[in-house]
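Step one of this worksheet: look at the structure below.
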Amino acid sequence: MTALGFAIFFLRVSLITVGAEISKCKLDLGLLVDTTKSIKYENLPILKDALRHLVNQFDVSPKRTHVSLQTFDRRSTLHNKFNDDNYHSNKAIDDLITNSITKLDQPTRLDIALKTAKELMFTEQSGQRPGVRSAMVLYTDGRSHPSTEDFFLEIVSLKTRGVRIIVVGIGPDARKNKYRQVLEYIGGTNLFYVDDYASLDNATQDIKKLICPPDPCENSKGMDVAFIVDKTKSLGVANFLLLKGFLLELVAAMHIGPNATHTAIMTFSRKPKVLSAFAETKFYSNEAVHQFIAEIPVFLGDRTFTDKALMAAANKLFIERAGDRQKYPNVLILLTDGRTNPKSQKFSEITPKLKEKNVRIIAVGIGQYEDFQGQLEEIAGNNVHNASNFDELSNLFNDILAETCSVDGGFSGWSFWSDCSLTCGGGIQTRTRTCTYPPPQGYGEDCDGPLQDDQACNKSPCPGDDEGQIAAFKHP
């Protein structure tokens, strides 16, 4: 690189990142860019500047963020792979965007684009890293050719690999009902509209937050998190794979390590089965937990006994010999698609056992909410979330992560009693405590109870029992 070339690049990066903090996210970021004639050539420089601006919100380097670029029209072209060492710098991606997006063609084939992303971009062979966040951003004006084939399976396949899909709809056509429905079909709630290409660059910070939302776990020292996963035949194979993909997405956003977050995994149908426990040191990394979840076999049982799963969590997971740590918050995330079997034990007889161990319970119901309304609230109180379909689980990502990293406040021990306010005639002693063991965090509840406690002291009458003399006996 010439000195002049480096100076130009440095100036460009400095200008586009002024006032913006580089994201702390480590991720595999796929850019899927519509390059059809509906964009118009005069908008190409604006589009490329916006893409460069977005990329330079991240630290592109060998050990941090990797970026892969794909363009599409009637064909789809993958310009580089995540594991290509030549593109592990912001400068290299900047040049790739500049040199690869030069021509426009037609028509728009979203199906071919998504198929290429599934088969060539987000694969182990192309460098998608286990345990690292994966996100794909689709830039399009929304119009796809009538010959476009259904791409539901492509979306499902990407989500089963833990890929977070974000769609940026550009221009008025993207908001039209027939095109908007297609974009929502792909991105769900992770859909962002801009009025035109001139407005695209101004949306960079909003798109960045969709790719890598503010981390609610950033200040967490770690947790013991148990995933309790419904594995009954009512889910079906495809839905169970989507459920695993959602777990991969959640796990990639946690800070797993020997002195950080530990995980445990249990599946259940007629009987619960502990797959991993907090004490297993081989799962003390994001990569190891990712690989383990990805390899959970798709063998589904019959009947749903949620009660047995919760009881097993209390008796087999949240115990010291299974690795439960006293100084770390306990979290249980239950994922199920239906009501427990009518022969199940009452949840009111089970959840107190978990609450005694300060376990924060989060329940996620997938399907029609009416199917399990009331039961999940009995288990998790207000910490209940619902997705109408398994392919919409990713829409709950932010809420579940925030709930997971939330901590209910706990009282410290009482302080020593203060000196009595009077030496005779009846005084008051005070002791205090704080809501700092632990302090409430995120959605966590504040402590329920008084911070100060008083008691009477030195009740004996003062000499002469003269009110006028009492002041002389006040404690100095």
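No value in this document is a laboratory result; all are computed from the given coordinates. Everything numeric in this text was worked out from a predicted model, so none of it was measured. We place every Cβ from the backbone using ideal geometry, glycine too, and count neighbours over all the protein chains shown.
Summed over qualifying helices (DSSP H, 4 residues or more, each -39500 (n - 2.57)) and divided by its residue number, the chain shows a 222 nm mean residue ellipticity of -7500 deg cm²/dmol. The calculated FRET efficiency for Glu356 paired with Asp84, based on their beta-carbon distance and R0 = 56 Å, is about 0.60.
Taking a ≥ b ≥ c as the square roots of the eigenvalues of the Cα gyration tensor, the chain is prolate, since a/c reaches 1.5 or more and a/b is larger than b/c. Peptides 274-283, 26-35 ranked from most to least packed give 26-35, 274-283, packing being the mean of other C-beta atoms within 10 angstrom over each peptide's residues. Relative to the longest principal axis of the Cα atoms of the chain, the long axis of helix 237-252 makes an angle of roughly 70 degrees.
Is the shape of the stretch 55-128 best called rounded, prolate or oblate, per the rule: a/c under 1.5 gives rounded, else a/b larger than b/c gives prolate, else oblate, with a ≥ b ≥ c the square roots of the Cα gyration tensor eigenvalues? In terms of gyration-tensor shape, oblate. Using 0.36 nm per residue and subtracting the Cα-Cα separation, the extra length available between Ser421 and Gln291 on full extension is 40.5 nm.
For the stretch 224-404, the dipole from Cβ point charges (+1 on Lys and Arg, -1 on Asp and Glu) about the Cα centre works out to 780 debye, to the nearest 20. The stretch between Asp371 and Asn389, if pulled fully straight at 0.36 nm per residue, gains 5.2 nm over its current Cα-Cα span. From most to least packed by mean Cβ count within 10 Å, the peptides 221-230, 111-120, 368-377 give 221-230, 111-120, 368-377.
For the pair the stretch 192-245 / the stretch 366-425, the C-alpha centres are spaced 20 Å from each other.
The distance from the alpha carbon centre of the stretch 123-140 to that of the stretch 316-345 is 31 Å, rounded to a whole number. Annotation note: trypsin sites (Lys or Arg not before Pro) in the stretch 322-424 located in DSSP loop regions with a Cβ neighbour count of at most 11 within 10 Å are Lys327, Lys343, Lys346.
With the charge dipole of the chain set up from +1 on Lys and Arg Cβ and -1 on Asp and Glu Cβ about the Cα centre, the Cα lying farthest toward the positive end among the listed residues Pro146, Leu335, Gly381 is that of Pro146. Size estimate for the stretch 20-211 follows the Kirkwood approach: the inverse of mean 1/r over distinct Cα pairs works out to 16.3 Å. Summarising the strand pairing of the chain, around 20 percent of its internal DSSP beta bridges are antiparallel. Averaged over residues, the count of other Cβ atoms within 10 Å places the peptides 174-187, 389-402 in the sequence 389-402, 174-187, highest first. Placing +1 on the Cβ of every Lys and Arg and -1 on the Cβ of every Asp and Glu, with no other charges, gives the chain a dipole of roughly 1360 debye about its Cα centre. By DSSP, what percent of the beta bridges with both residues in the stretch 20-211 are antiparallel, rounded to the nearest 5? Antiparallel: roughly 10 percent of the beta bridges in the stretch 20-211.
Mind pulling the angle between the C-alpha long axis of helix 90-100 and the longest principal axis of the chain? Nearest 10 degrees, somewhere in 0 to 90. Its long axis makes an angle of about 30 degrees.
I want the antiparallel fraction of DSSP beta bridges within the stretch 224-404, as a percent rounded to 5.
Working: 4 of 30 bridges.
Bridges in the stretch 224-404 are about 15 percent antiparallel.
Given axes a ≥ b ≥ c from the Cα gyration tensor, I'd like to know whether the stretch 224-404 is rounded (a/c under 1.5), prolate (a/b larger than b/c) or oblate. Note, shape of the stretch 224-404 comes out rounded. Any idea what angle helix 44-55 forms with the longest principal axis of the chain, computed on alpha-carbon atoms, 0 to 90 degrees, nearest 10? Long axis of 44-55 versus the principal axis of the chain: about 30 degrees. Remark: the Asp302-Tyr437 segment gains 44.4 nm on full extension, using 0.36 nm per residue and subtracting the alpha carbon distance.
For Lys273 and Lys459, the FRET efficiency from 1/(1 + (r/R0)^6), where r spans their Cβ atoms and R0 equals 56 Å, is about 0.35.
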